[in-house]
Amino acid sequence: MVISIIIGRAILLLLILRAKLPALIALLIASIITGILSGIAPEKIMETVKAGMASTLGYIAVVVGLGSIFGGILQHTRSAESLATWMLATVKEKYTSLALMLLGFLVSVSIFFDVGLIILFPVIAGLVQKTGKNIIQFALPLTAGLLYLMHLFHLHLVHWLLPKSSVPI
């Protein structure tokens, strides 16, 4: 058991320092490998990882962490800029705020507000870059759309009423 922990920590350091993986991804991989080396049943490993992280970070920290990684991928691959260009071409600049509000509303059906904002923020940044307008003109409609279902159904009741999706977006 002690050896598996030492190996797990070494793998964690290698993944972060040498492979340059984001810390959250490296921590998840190292935790899974440590669980396997410790002899934990494969079907119990994720449950154990979730329980261990929940006691330290809370479940939402994992979701927000992965959401920020996805948002970073959108930004670094210039996909957010492509989405912004497509949005401006499709709905015209005059109706961009309305389109962002609708996008926020649709996204909030399957994911929480904070994760939706983290994932979609690169799209807002792309719109600001393309149009030169103030960020508030795009951020407020998006947050209004993300918050609408939450207030309509009294906080997170909407996530209880609607079927869960296996993939957030």
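All of the numbers you see were taken from the coordinates with simple rules; none came from a lab. Just so we're clear, the structure is a prediction, and the values are computed from it rather than from any experiment. As a convention, Cβ positions derive from the backbone with ideal geometry for all residues, glycine included, and neighbour counts pool all protein chains shown.
Table for the structure above
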read-out: Environment charge of L127, counting only residues whose C-beta is closer than 15 Å and scoring Lys/Arg +1, Asp/Glu -1; value: +3
read-out: Cα centroid separation - the stretch 65-104 against the stretch 1-58, whole Å; value: 33 Å
read-out: Extension gain (nm, one decimal) between V109 and S79, 0.36 nm per residue minus Cα-Cα; value: 8.6 nm
read-out: Stretch gain in nm, segment I69-M46, where the contour uses 0.36 nm per residue and the Cα spacing is subtracted; value: 6.3 nm
read-out: Cβ-derived FRET efficiency at R0 45 Å, K94 paired with R18, nearest 0.05; value: 0.35
read-out: The stretch 70-144: C-alpha gyration tensor shape, a/c 1.5 cut-off, then a/b vs b/c; value: oblate
read-out: Computed over the stretch 4-49: relative contact order in percent, which uses C-alpha pairs under 8 Å that are six or more apart; value: 40 percent
